[in-house]
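Just below is one structure, and these are the notes that go with it.
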Amino acid sequence: MSIQIDNLKFDDLGLIPAIVQDAISREVLTLAYMNAESLARTIETNETWFWSRSRNQLWHKGETSGNIQRVVQLIADCDNDAIVVLVETAGAACHTGEVSCFHNPPNEHGTLSLLLDQLYQLIQTREQTRPENSYTTYLFNQGIDKILKKVGEESAETIIAAKNDSVDPLVAEVSDLLYHLIVLLVARGVTLDQVRQELAMRRGGGDHQ
């Protein structure tokens, strides 16, 4: 694993994309992100460590699932701003149980889960960087009370739209509500994975679903 951390170009958040591939088949298993600390731990332990952008903390792959990835080689690209991580796997790479995270069939717009994940990441970035002329920045600058007020307003508008014979207003209002709910989750430090786990637990236990 001859790679020099000092030569790598991390982004403004101190992260670098890491493309994880099976060392034998070269199948792409996942795309994750590393910071200098997780990369150093990866080199030290010969197991993959990443930086979780949703949880804002270090993440040791397989720590809870047992699906450890033993690192065979680390390769930086020509611009030193991305890394390929060749691994030997001890199980599924994806949290869904699939071998690879890239198992969804092609879809013009992407699955709802993927779109919500992307929206969460965008809103989280807005919360961290606070760009000007952004409505999301405005909400975070106004604080939790403003965010809660907007969630309440969008909930009421969703109810009103649901009484309309046309479904288009309902679709629009549900979309607005989902956006503001994700803003609330980011503001309170709650991840979509936590929501997924709660829903999966309820489904598994038959909790009035």
Look through region 64-108, keep the residues that are modelled with pLDDT of 85 or more and among the acidic types (Asp, Glu), and return whichever of them is farthest from Ala32 (Cα to Cα). Asp79
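Please enumerate the residues belonging to region 1-40 that are in a strand (DSSP E or B) and either within 17 Å of the chain's Cα centre (by Cα) or of a type in the set (Asp, Glu) (or both).
The first filter runs over region 1-40 and keeps only residues in a strand (DSSP E or B), leaving 16-22, 28-34.
Ile16, Pro17, Ala18, Ile19, Val20, Asp22, Leu29, Thr30, Leu31, Ala32, Tyr33, Met34 - these are the residues of region 1-40 that are in a strand (DSSP E or B) and either within 17 Å of the chain's Cα centre (by Cα) or of a type in the set (Asp, Glu) (or both).
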Which listed residue, of Gln57, Gln73, Gln121, Gln69, is among the polar types (S, T, N, Q) and without any contact (Cβ under 8 Å) to a residue 40 or more places away in the chain: Gln57
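Please verify whether region 140-159 includes one or more residues that are within 16 Å of Ser54 (Cβ to Cβ) and surrounded by fewer than 13 Cβ atoms within 10 Å (Cβ to Cβ). Spell out the reasoning first.
Pass one, region 140-159, residues within 16 Å of Ser54 (Cβ to Cβ): none.
Scanning region 140-159, I find no residue that is within 16 Å of Ser54 (Cβ to Cβ) and surrounded by fewer than 13 Cβ atoms within 10 Å (Cβ to Cβ), so the answer is no.
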Selection from region 9-45 of residues that are surrounded by fewer than 13 Cβ atoms within 10 Å (Cβ to Cβ) and over 25 Å from Gln121 (Cβ atoms): Ile24, Ser25, Arg26, Glu44
When Thr96 is run through (1) surrounded by fewer than 17 Cβ atoms within 10 Å (Cβ to Cβ); (2) under 30 Å from Gln69 (Cβ atoms); (3) β-branched (Val, Ile, Thr); (4) touching a residue at least 40 places away in the same chain (Cβ under 8 Å), the failure sits at (4)
Number of the condition not met by Trp51 [criteria: (1) in contact with a strand residue (DSSP E or B) (Cβ under 7 Å, 6 or more places away or on another chain); (2) of a type outside the set (Asp, Glu); (3) part of a loop (DSSP other than H, G, I, E, B)]: (3)
Go through region 163-199 and count every residue that is under 19 Å from Glu127 (Cβ atoms), in a helix (DSSP H, G or I) and small (Gly, Ala, Ser). 1
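The values are calculated or read from the model by the stated rules, or taken from the named source; none is laboratory data. Just so we're clear, the structure is a prediction, and the values are computed from it rather than from any experiment. Methodologically, a virtual Cβ is constructed for each residue, glycine included, from the backbone with ideal geometry; neighbour enumeration extends over all protein chains shown.
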